[in-house]
Amino acid sequence: MLNNKKYSVFFKGDSGTHFVRPMLMAIFVGVGTGFLVVGFVKSVALVRDFCFNPAIRHSPFVILVPAFAGLLIGPLVTFFAPEAKGHGIPEILKAVALRGGKIRPGIVFYKAVASVLSIGSGFSVGREGPIAQIGAAFGSAFGQVLKLPSSRVINLTACGVAAGIAGVFNTPIAGVMFASEVILRDFGSNVLTTIVVAAVSSSIISRIFLGDHPSFSVPTYTLHNPIEIFLYFGLGILAALAAVLFMTVLEKLEILIERWKFPEWLKPVCGGVLIGIIGYVFPQIFGSGLPTIEDALHGNLSLQLLLSLIILKIFATSLSLGAGSSGGVFAPLLFIGAVLGGAFGQLVSMYYFIPIAPSGAYALVGMASVFAAAARAPITAILIVFELTGGYGMILPIMIGVVTATSISQLILKDSIYLGKLKRKGIDIKSFEETRVLEGLRVSDVATQEFKTIRQDAPAKELFDHMAKDLYKIVFVLDKKGNIRGIIRPADLNKALLADGEDILNVYDIASPVKEYSFPDESLSEAVKIMAAHHLTELPVVDSLDSTKIIGVLKSEDVFRVYAEYASKRGEILTQLEQEQVSPDMITIVFTISNLSPAAGKLIKDLNLPGGVHFNVIKRGLRSFVPHGNLTMKPKDRVTAVVAPENESYFRQWLFDMKLKNS
């Protein structure tokens, strides 16, 4: 196991190894994710071979294969890891926007198991979403172990995404672009360098164990006639409509199944039965469908089958994800685009008056166009088709199809397939700006221990009596061991009062599950984002090592109070700075908080500073803060102080007493 203190010093240090450290961290994440990719791909193959062996593949029993897998998937994503449900990318975006890139390390295991079962048993989902989330969780966990600042954790999370995409598809360039274009929406050189290193490292591991070859073997296609450009423009329009149809059907089915009053853990079983029925007649819809994509690229599928698969794949993938399976939409989007383009190519070849490219060329353009229209990632779409197929002869048609499809889909639907899911939950990623005013504070600086709890087996009457006193708006439900089991808000109480037989209800029957929480060492700005996204007035604070142990509550009124104090203090400091700028006699002293200093872990207001001393700025890692009384001093904080000449000797004595030295 890593010695946190020893290694975090190395990875957090200053400019001496400013370039080397991020590169080493990126290599570690890339190599680690590469091995995870190898294990994931081989595991999917093993499960698929077991579930679809010759004795089952061509028999009616194949209908039950996804349903049996659903019996395992349902409890896993319902009771252990709700984040593992669905296609993964929205959860990464949520973690980057709301939690500074922090993802539960356990997601690596849960997502891998749920996705291997889903894809291997025939649910119509892809590999890229799961492996991107697995890589992101691995990179995030590495950053958290080293106690890196949020900016570094986010970067390592993106490195994991790029490494996952690069390894699973053997597409390092597309992996880099996907992480930059979709996850970070940033193409700065500081971001790209580490992401490139991670993607290349993962690809090397993947190629050693999985082979160095494109995912698809495709004939060399070229633009036969300049007039064909208009056909590719038309295909781009159809691709946009197909992408919009897919996103709409996916959204409607997810909402419909979510509202269906049926045990959550059994919904994947029901979805699996329907997937099995469709797959029995059209086995092409099972799993990622990569062999069918290659058939479409070679022009080996009939027009009738291609047209059928467009609709069936859209429905099957939407049903698979809506029912609760775990998998991505990347491969299904490529599948829909390939069969759409193949069908379009065959149709126009029947009626066009000049020789045109084979239908496989249109399938190639369709792949890129549908993906770009849904993901709103045109650069990634163009590059991934090149890398997946190994051919660059269709650059112009692909660019035309991608740009057309992306532009039209944006006119119809504002958000991408990834952002749209978060928008439905009230989380608008684009609207979140860095709340830098609160970044210097931890949740523990503001959270209160004044909160009400009640036993889960307590009778409902006891709860009614508690809440009738109106001392607390929210009550937390605990089990006998003191672990948090739920939360009761006024709305939950109102439902209980209106229910029949309320006298026989116990507290647990009324409680709602705790879905959002924060950690004491988490940035206050990140916790505030979570509260704003979910419209919460109180957010439970749980133990960093055990998320079932509640240790405090973050209340909105306390956040507002601290914000007001901060703003007031900031104004005072700015005024002081203006005064000090015209006073040439002021002395500037820079020092660093050491691990052994009594100042470490204390609030600034509790440091008993001598008179005439002002802290101007505190640098912590890559971030800088305007000091205020409620800011906790941390080891390695680099502090710039301004001292009046007559107080210099007192301040230097204070530094000596606090075991602090000038930097």
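Annotations
- Test for Ser217: is it among the hydroxyl-bearing types (Ser, Thr, Tyr), modelled with pLDDT under 85 and farther than 23 Å from Pro291 by Cβ: no
- With respect to being in the same structural domain as Glu181 (by TED's automatic domain parsing), in a helix (DSSP H, G or I) and within 30 Å of Ile275 (Cα to Cα), Ala162 falls outside the description.
- Glu516 meets all of the listed conditions (1) at pLDDT 80 or above; (2) within 23 Å of Arg561 (Cα to Cα); (3) not in a loop (DSSP other than H, G, I, E, B) but one, namely (3).
- Any chance Gly337 is assigned by TED's automatic domain parsing to the domain that holds Cys270 and either modelled with pLDDT under 95 or outside any helix (DSSP H, G or I) (or both): no
- For the criterion of being in contact with a helix residue (DSSP H, G or I) (Cβ under 6 Å, 6 or more places away or on another chain), assigned to a helix (DSSP H, G or I) and either buried (at least 16 other Cβ atoms within 10 Å of the Cβ) or not assigned by TED's automatic domain parsing to the domain that holds Ile408 (or both), Leu238 fails.
- Here Gly120 meets the list (1) modelled with pLDDT under 90; (2) in contact with a Cys (Cβ under 7 Å, 6 or more places away or on another chain) almost entirely, failing just condition (1).
- Among the residues making up the stretch 185-199, those that are buried (at least 21 other Cβ atoms within 10 Å of the Cβ) and farther than 14 Å from Leu383 by Cβ are Thr194, Val197, Ala198.
- Residue in the stretch 386-400 that is surrounded by the most Cβ atoms within 10 Å (Cβ to Cβ), counting only those that are among the hydrophobic types (A, V, I, L, M, F, W, C) and more than 19 Å from Leu231 (Cα to Cα): Leu388
- Ala114 vs. criteria in contact (Cβ under 8 Å) with a residue 60 or more places away in the chain and either under 20 Å from Ala162 (Cα atoms) or part of a helix (DSSP H, G or I) (or both): yes
- Options Ala644, Ala600: the member that is within 18 Å of Asn662 (Cα to Cα), modelled with pLDDT of 80 or more, out of contact with any strand residue (DSSP E or B) (no Cβ under 7 Å at 6 or more places or on another chain) and surrounded by 16 or more Cβ atoms within 10 Å (Cβ to Cβ): Ala600
- Residue in the stretch 80-88 that is surrounded by fewer than 20 Cβ atoms within 10 Å (Cβ to Cβ), out of contact with any Phe, Trp or Tyr (no Cβ under 8 Å at 6 or more places or on another chain), assigned by TED's automatic domain parsing to the domain that holds Val182 and within 28 Å of Arg485 (Cα to Cα) present: yes
- Matching residues in the stretch 343-371 - criterion: being part of a helix (DSSP H, G or I), of a type in the set (A, V, I, L, M) and in contact (Cβ under 8 Å) with a residue 60 or more places away in the chain: Val348, Ala361, Ala363, Leu364, Val365, Met367, Val370
The values are calculated or read from the model by the stated rules, or taken from the named source; none is laboratory data. From a predicted model like this one, the values you see are computed outputs, not experimental measurements. Using ideal geometry, Cβ is built from the backbone for each residue, glycine included, and neighbour counts are taken over all protein chains shown.
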